[in-house]
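The values are calculated or read from the model by the stated rules, or taken from the named source; none is laboratory data. Keep in mind the model is a prediction, meaning the values are calculated, not measured. Here Cβ is always computed from backbone atoms with ideal geometry, including for glycine, and neighbour counts include all displayed protein chains. With ligands, DNA and RNA removed, areas are computed over all heavy atoms of the protein, side chains included. Shrake-Rupley method; radii C 1.70, N 1.55, O 1.52, S 1.80 Å.
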Amino acid sequence: MPIQNRHAGGSEKLFALILVNFHRGFSPVGKRKECEGTSPRHDGERVRGLSDCPEVKMVAARKIPTTTALLMTGTDPQSASSPNRNANAEGPGAAGPTMNDLAGGIPNGTDHGVVRLHDGDNVWMAAWALVAGETIGNLRIAGSAVPAGHKVAAQAIPAGELVIKFGQPIGKASCDIGVGEHVHSHNLVDAHQVDSDWRSLVGTAFSKSAPAKKPAVPAEKTFEGFVRPDGQVGTRNYVQILARVNCSATVCHHVAARFPPERLAEFPNVDGIAIGTHTTGCALRYAGQKQQMLGRVLKGYAGHANVGSCLTIGLGCEQTTPEYLSEHHQLVAISDPRSLPVTSPESESVSTTMLTMQAEGGTRATIDRAEKHLETMLEIANQNSRTTVPAHHLRLALECGGSDGHSGWTANPLVGAIADRMVAFGGAAVLSETTELIGAEHLLVARSRDESVAQRLMDKVDWWKKHVAMYGGEIDNNPSIGNKAGGLTTITEKSLGAVSKSGTGILDGVLDYADTVPKQGLYVMDSPGFDPSSVTGKVAGGCNLVLFTTGRGSCFGGKPVPVIKIASHSTLFHAMRDDMDWNAGQLLEGVAMEELADQLFEELLRFASGTQTASERLGLGDHEFVPWTVGPVL
């Protein structure tokens with residue numbers, strides 16, 4: 001049955017994503033409740049047991065001076081330095097984090113050892129590195145140390161029994177697991193099976209028992225953007241150079257090198273030159289799937305709202321010729337950038353200046369000719385200026401990379417809260433990385449607008465399982481070495497955390513790779529879990545801002561679209577301060593989800609209005625253009 005409600009809160013029964021249950025389960029808002037028969041804690045006292053106060057989902061492990069918990073190194077918190085709490089201070093010299101006030105109202109100076117994400121979980125999360133033999137409340141860490149962000153058994157789990165996190169199974173115990181033992185790859189295996197009765201789940205996240213809840217957002221928000229003739233609004237104003245084939249890739253970079261920063265300074269309204277080169281464009285079936293996917297990406301970038309003018313360069317004998325792009329993708333070649341036609345909002349065609357190396361007389365002649373064109377294109381793009389526009393012109397790409405055990409309960413649900421707000425404003429948000437939805441696909445089915453949307457999603461899931469199996473692999477191969485070092489064990493666990501980036505609203509549609517993203521709603525775009533390919537597809541679809549969460553640390557940039565990198569914990573935020581834009585670790589330090597989401601939303605409007613992100617300040621993004629294509633190299 002089609003769902004009429006535009007936005008909705010989650011269902012406890014279906015977990016309805018971490019954004020809901022995690023922050024129902026423990027919230028940094030308000031004072032901690034004292035259980036009957038217990039007295040307030042005093043310095044030096046061992047705190048009461050985990051089972052003594054079921055309302056409280058955080059348990060203080062021990063009393064120490066205000067310190068940082070070294071989550072990445074595993075250093076004992078008692079040996080750490082004592083920083084202040086300026087969590088989003090600018091610059092690499094900003095002070096480090098604390099782990100105080102995790103549940104709100106817990107006295108300063110008290111750190112916390114374990115986190116229970118859901119009442120039904122039989123594993124809890126290590127807020128910092130836990131030492132074998134130490135006691136946290138009534139829980140004794142048994143066997144070996146538990147690194148920060150990893151799982152510890154809260155009860156005995158016999159071999160073959162389900163391991164529960166987020167209120168959902170993340171796998172089965174491969175051997176008997178004792179209370180207090182580290183739960184990871186040595187005793188946990190993936191066991192996810194796609195539900196054959198998934199149709200019965202469609203729309204159930206928005207039942208009468210869990211009525212729709214519209215995000216609490218102000219009536220109007222704005223940013224300063226570039227309004228294009230076709231009605232799109234950009235957050236940046238780049239001149240784009242695109243290679244039609246790998247054979248012209250080096251020439252594209254040489255052309256851009258003719259415009260060093262001092263020359264670009266003559267065009268103050270232009271953010272720079274974005275370069276898109278790739279590994280294909282030839283040795284493929286003409287108009288086949290592989291070429292169609294590449295063509296969609298090239299058109300999407302050439303006509304992107306963040307691109308003031310575009311130059312494409314090819315060799316001449318490749319499959320991806322100007323004629324092919326015009327016939328199959330309405331990407332029309334013009335010989336002079338001054339003759340660029342005015343495009344109406346109704347038009348599906350995109351015009352771009354095209355050069356062909358064989359026709360120009362080779363490498364040097366092409367570079368010289370391209371330089372002249374680019375000078376003109378910069379002059380044209382520089383005529384654009386920012387103007388105040390409503391926030392609904394934003395289309396958010398939701399991405400995670402280098403995820404860890406914290407990502408699924410800090411940074412990802414924070415991004416989900418932003419996605420809910422953006423869709424409420426009338427904008428769009430796009431989730432992708434289909435392989436990292438498998439294991440949580442039932443949650444998106446439950447939020448699908450109707451059965452046709454759910455069917456599209458399940459068709460993509462089925463395709464990926466068969467595609468990976470063709471090469472002797474399985475979806476559970478997805479979690480990387482870094483993911484596992486950070487505490488993620490199975491693809492199901494990773495997916496349950498990743499899907500929370502989508503918030504709690506209705507899933508409006510499922511898009512093919514690099515398809516145009518509608519102006520409003522929440523969508524899934526089919527893509528692999530490889531960050532550069534995933535982001536490239538969403539940018540080609542029209543996303544003009546990227547929210548990128550990371551727990552291990554990512555140094556990704558994505559010209560021509562700004563990438564906002566969000567650290568899942570404070571230690572990462574300060575350890576890689578030059579690369580991080582926002583610290584979701586504040587959720588572990590007493591800042592409420594709603595408060596932090598409001599702050600981040602205001603910050604993303606500033607980024608959309610021209611404030612440089614960390615990756616932009618570092619000059620990243622010229623080599624992360626990686627179109628995903630499916631098909632043989634012939």
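Points to keep in mind about this one:
- On the stretch given as segment 479-511, residues that are in contact (Cβ under 8 Å) with a residue 60 or more places away in the chain and either part of a helix (DSSP H, G or I) or among the charged types (D, E, K, R) (or both) total 15.
- Given (1) modelled with pLDDT of 95 or more; (2) more than 26 Å from residue 443 (Cβ to Cβ); (3) open to solvent by 10 Å² or more (accessible area, probe 1.4 Å), number of the condition residue 481 does not satisfy: (1)
- Test: residue 387 is open to solvent by 30 Å² or more (accessible area, probe 1.4 Å), on the phi < 0 side of the Ramachandran plot and modelled with pLDDT of 95 or more: yes
- Set 427, 439, 401, 405: member being open to solvent by less than 10 Å² (accessible area, probe 1.4 Å), in the same structural domain as residue 523 (by the TED database) and farther than 30 Å from residue 482 by Cβ: 427
- Qualifying residue in segment 540-548 (condition: open to solvent by 20 Å² or more (accessible area, probe 1.4 Å) and either aromatic (Phe, Trp, Tyr) or more than 21 Å from residue 464 (Cβ to Cβ) (or both)): no
- Enumeration of residues in segment 512-542 that are part of a helix (DSSP H, G or I) and hydroxyl-bearing (Ser, Thr, Tyr): 533, 534, 536
- So residue 633, is it of a type in the set (A, V, I, L, M), surrounded by fewer than 21 Cβ atoms within 10 Å (Cβ to Cβ) and modelled with pLDDT of 95 or more: yes
- Among the conditions (1) in contact (Cβ under 8 Å) with a residue 60 or more places away in the chain; (2) at negative phi; (3) surrounded by fewer than 24 Cβ atoms within 10 Å (Cβ to Cβ), residue 368 misses just one, which is (1).
- For segment 236-254, the tally of residues that are part of a helix (DSSP H, G or I) and small (Gly, Ala, Ser) stands at 2.
- Residues of segment 568-597 classified as more than 17 Å from residue 616 (Cα to Cα), outside any helix (DSSP H, G or I) and in contact with a helix residue (DSSP H, G or I) (Cβ under 7 Å, 6 or more places away or on another chain), total: 3
- Condition met for residue 318 (of a type outside the set (A, V, I, L, M, F, W, C), modelled with pLDDT of 95 or more and surrounded by 13 or more Cβ atoms within 10 Å (Cβ to Cβ)): yes
- Some residue of segment 255-269 being within 21 Å of residue 634 (Cα to Cα) and assigned to a loop (DSSP other than H, G, I, E, B): no
- Yes/no for residue 516 being open to solvent by 10 Å² or more (accessible area, probe 1.4 Å), within 30 Å of residue 330 (Cα to Cα) and at pLDDT 95 or above: yes
- One residue stands out among those in segment 139-189 that are open to solvent by 10 Å² or more (accessible area, probe 1.4 Å), of a type in the set (D, E, K, R) and at pLDDT 95 or above: the one that is nearest to residue 113 (Cα to Cα), which is 181.
- Residues being within 10 Å of residue 177 (Cβ to Cβ) and not in a loop (DSSP other than H, G, I, E, B) - total across segment 153-167: 3
- Filter pass, residue 622 being closer than 20 Å to residue 272 by Cβ and at pLDDT below 95: yes
- Residue selection: residue 476 fails the criterion of being open to solvent by 60 Å² or more (accessible area, probe 1.4 Å) and either part of a helix (DSSP H, G or I) or touching a helix residue (DSSP H, G or I) at 6+ places or on another chain (Cβ under 6 Å) (or both).
- Residues that are part of a loop (DSSP other than H, G, I, E, B) and either without any contact (Cβ under 8 Å) to a residue 12 or more places away in the chain or buried (at least 18 other Cβ atoms within 10 Å of the Cβ) (or both) within segment 609-618 comprise 611, 613, listed in sequence order.
- Of all residues in segment 616-624, none satisfies being basic (Lys, Arg) and within 26 Å of residue 281 (Cβ to Cβ).
- Pairs where the first residue, in segment 457-474, is farther than 19 Å from residue 447 by Cα and without any contact (Cβ under 8 Å) to a residue 60 or more places away in the chain and the second is part of a helix (DSSP H, G or I) and open to solvent by 70 Å² or more (accessible area, probe 1.4 Å), C-beta under 8 Å, 6+ apart: 468/477
- Filtered by the rule that a residue be at negative phi, at pLDDT 95 or above and over 35 Å from the mean Cα position of the chain (by Cα), segment 321-362 gives 323, 355, 356, 357, 358, 359, 360.
- Tally, over segment 443-452, of residues that are surrounded by fewer than 24 Cβ atoms within 10 Å (Cβ to Cβ) and assigned to a helix (DSSP H, G or I): 2
- Checking residue 279 against (1) more than 29 Å from the chain's Cα centre (by Cα); (2) β-branched (Val, Ile, Thr); (3) open to solvent by 60 Å² or more (accessible area, probe 1.4 Å), the condition it does not meet: (1)
- Flag if residue 531 is within 22 Å of residue 445 (Cβ to Cβ) and in the same structural domain as residue 435 (by the TED database): no
- Just one of the numbered conditions (1) out of contact with any Cys (no Cβ under 9 Å at 6 or more places or on another chain); (2) not in a helix (DSSP H, G or I) is not true of residue 430: (1).
- Search result, residues across segment 371-403 that are under 30 Å from residue 434 (Cβ atoms) and either in contact with a strand residue (DSSP E or B) (Cβ under 8 Å, 6 or more places away or on another chain) or assigned to a strand (DSSP E or B) (or both): 391, 393, 394, 395, 396, 397, 398, 399, 400, 401, 402, 403
- Across segment 586-608, the qualifying residues are those that are under 16 Å from residue 220 (Cα atoms) and out of contact with any Leu (no Cβ under 9 Å at 6 or more places or on another chain), and the one among them that is most open to solvent (accessible area, probe 1.4 Å) is 606.
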